[in-house]
1. Checking Val330 against (1) touching a residue at least 40 places away in the same chain (Cβ under 8 Å); (2) within 29 Å of Ala178 (Cα to Cα); (3) among the β-branched types (Val, Ile, Thr), which single condition isn't satisfied?
2. Just one of Phe378, Phe402 is aromatic (Phe, Trp, Tyr), in contact with a Leu (Cβ under 7 Å, 6 or more places away or on another chain), open to solvent by less than 70 Å² (accessible area, probe 1.4 Å) and over 26 Å from Ser295 (Cα atoms); which is it?
3. Looking at (1) open to solvent by 10 Å² or more (accessible area, probe 1.4 Å); (2) within 17 Å of Leu294 (Cβ to Cβ); (3) in contact (Cβ under 8 Å) with a residue 40 or more places away in the chain, which is the one condition that is false for Glu176?
4. So the check is Cβ under 9 Å with 6+ separation or different chains; which pairs have a first residue in the range 349-378 that's closer than 26 Å to Pro418 by Cα and a second one that's in a helix (DSSP H, G or I) and hydroxyl-bearing (Ser, Thr, Tyr)?
5. Against the conditions (1) touching a residue at least 40 places away in the same chain (Cβ under 8 Å); (2) out of contact with any Gly (no Cβ under 7 Å at 6 or more places or on another chain); (3) surrounded by 22 or more Cβ atoms within 10 Å (Cβ to Cβ); (4) closer than 26 Å to Cys121 by Cα, where does Ala209 fall short? Just the number, please.
6. I need the full set of residues from the range 31-65 which are farther than 25 Å from Val93 by Cβ, touching a Pro at 6+ places or on another chain (Cβ under 7 Å) and open to solvent by less than 50 Å² (accessible area, probe 1.4 Å), in order please.
Amino acid sequence: KRSRTLPRRRKRDVFTVPEVGDYVVHETHGIGMCIGVEKMNMTGSFRDYLIIEYSGSDRLYVPVENMDSLSKFVASGEKPKLSKLGGEQFERVKSKVRASVKKLAFDLVALYAERSVSKGCKYDEDDCLLEEFESDFPFTETEDQLAAVAEGLKDLKSGKVMDRLLCGDVGYGKTEVALRLAFKVISCGKQAAFISPTTILACQHYETAVKRMKNHGVRVERLTRFDSPAKIKETLKRLEKGETDFVVGTHRVLGKDVKFKDLGLLILDEEQRFGVADKEKLKLLKPSVNVLSLSATPIPRTLYMTMVNIRDVSVLDTPPADRIPVQTFVTEYSDALAADAIMREVGRGGQAFIVYNRVAGIDSFAAKLRNILPDVKFAVAHGQMPENLLEKTVADFVEGRFDVLVASTIIENGIDMPRANTLIVADADRLGLA
């Protein structure tokens, strides 16, 4: 019987031909810029070659059939520095990266080994204060929410160091579960920290926390770029003295100058938006700190850690009562269809998102819709805008100053916008899973 050998998949079958001006990475020579494609006669036959320019105007000609040796350069920020042709410089960069990744991997292994054997604080079995706090919740909890709180409390009362992932769709109540576990920790004399990836989201969580905890004597403070240096200085003093029970903020909470008197619980919202080093930084400060990570779309590394029991997981898959199911339509885009959907939403007093994930054409796309719907207020938001302007634009949309936000995928950060109930995604086939 003959065995059939399956064709071996090349490394990057899905890599498309780069356009002129694109930065690419060659596996040997490093970062270069594609300046064109040229047909050349080599050994009596014509072949297409990609022309890649390197530092010093050196050029590398790559046959199109060898395109799997290239990958598209992906990074945020300034334009990359071109490598020198020859590969020595790029090899040094790769060696540094390998060493850095290896060190981080060993640090993580050591950290989780230490956390697995260390004993955490054994929290009080008496939940009478927590029950008072829960009774103030203005909505009816789902069974999944109650189960997640019970699982978190079991961790806290057992004396084990909690490292739990709370996974649930947007609007399924992850924040309330986190606040209840934070209140339990605070009622036992410890401090809690709630960290979000964006300033606007941190401000929303701060307002929610203040509203939920103001009747229970909990002092909640905020640490974001919206706060003045003088206010931040005072907040840091109170945190170190233990006068602040609960701090809500952005990456600012991970700063070297931030010191807690007795941190009991670290909550990471939208944990997939934080880097590995960021997520482990606070754990390293105190291996016995309990960690609760919230996410609707956990990254593969986080999922793998839950599967091999390095981390525990609680899942919220029951929608709140009276929540109307999301209706999804996949169809060919047209301006008339978009205009109709926008007018239906605006006509009922709501707001709409349009995800248009190509920054180069986003302003002209929005201008075209403005001409079609002159009475509708449009705003544009994307990651290449100045950060202050971006945050102001999104904040103005949250406060209802605009009807439609035309944005890149930068809006995928869990901000609560209850009036926005229509989402139009242009070229959805170009987007990733999250």
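1. (2)
2. Exactly one of Phe378, Phe402 is aromatic (Phe, Trp, Tyr), in contact with a Leu (Cβ under 7 Å, 6 or more places away or on another chain), open to solvent by less than 70 Å² (accessible area, probe 1.4 Å) and over 26 Å from Ser295 (Cα atoms), namely Phe378.
3. (3)
4. What qualifies is Val355/Thr409; Asn357/Thr409.
5. So the condition that Ala209 fails would be (1).
6. The one that is farther than 25 Å from Val93 by Cβ, touching a Pro at 6+ places or on another chain (Cβ under 7 Å) and open to solvent by less than 50 Å² (accessible area, probe 1.4 Å): Tyr49.
The values are calculated or read from the model by the stated rules, or taken from the named source; none is laboratory data. Fair warning: this is a prediction, and the values are worked out from it, not measured in the lab. Backbone-built Cβ (ideal geometry, glycine too); neighbour counts: all protein chains shown. For accessibility, only protein heavy atoms count, side chains too; no ligands or nucleic acids. Shrake-Rupley method; radii C 1.70, N 1.55, O 1.52, S 1.80 Å.
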